[in-house]
Amino acid sequence: MADRHGDAARPREHTNPWDELTAEMKRIKDTTNLSYATLARRTHYSRSSWERFLNQKQLPTRVAIEQFAAAAEQDVQPLLARFEQCLAHVEAERGSSRHPADAGQCGAGSPAGCSGHLSGAQLRALALASAAGAVLGSLLTLAAARPRPVRQRRGATV
């Protein structure tokens, strides 16, 4: 049976768990007639957060998925199962030698590729650079704030 875009007969070539999760969440949103504003009112997430989650700009959190299911009055377990698959997929991408960002595969189908996720080595390097910057800034501040000795004029008595 074809979906509303008529592409059910064609196999999905580049599906991943994130595509499947957002497709299911969009299906639920559409069938329950929930708008982003309604989702925002019924959950602790803003309208723009729901737009980012459902348009694959940001992977939703477990809590967001739980609140989404509650707002839509749906069983949360199928969504959580897909979410767990997303997390496993992200971890597998992080562990692989071919990083999606390096291969030019940034975009909606690649949650770990370009969404700001950093590897452990990148996080350590960033932390080290931040610490070094903080130390350097502190030293410069101390040097600038250090009181300078007052020169006495000739012939002045103390």
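Within region 62-158, considering only helices (runs of 4 or more DSSP H) that don't extend past its boundaries, which have at least 1 residues that are at pLDDT below 85 and polar (S, T, N, Q)?
Details: elements: 62-72, 76-95, 111-114, 120-145.
Ranges flagged: 120-145.
Which of the numbered conditions does Glu51 fail, given that it passes all the others? Conditions: (1) under 22 Å from the mean Cα position of the chain (by Cα); (2) exposed (fewer than 15 other Cβ atoms within 10 Å of the Cβ); (3) on the phi > 0 side of the Ramachandran plot.
(3)
In region 12-55, what residues are in contact with a helix residue (DSSP H, G or I) (Cβ under 9 Å, 6 or more places away or on another chain), in a loop (DSSP other than H, G, I, E, B) and over 18 Å from Gln74 (Cα atoms)?
Selection gives Arg12, Thr15, Asn16, Ser46, Asn55.
In region 54-80, which residues are aliphatic (A, V, I, L, M) and surrounded by 13 or more Cβ atoms within 10 Å (Cβ to Cβ)? Step through it out loud before you land on a result.
Our first condition is that a residue be aliphatic (A, V, I, L, M); within region 54-80, this holds for 54, 59, 63-65, 69-72, 76, 79-80.
If the condition is that a residue be aliphatic (A, V, I, L, M) and surrounded by 13 or more Cβ atoms within 10 Å (Cβ to Cβ), then Leu54, Leu59, Ala64, Ile65, Ala69, Ala71, Ala72, Val76, Leu79, Leu80 are the ones that fit.
The values are calculated or read from the model by the stated rules, or taken from the named source; none is laboratory data. Computed from a predicted structure; not experimentally measured. Every residue, glycine as well, gets a Cβ built from its backbone with ideal geometry; the counts of neighbours run over all protein chains shown.
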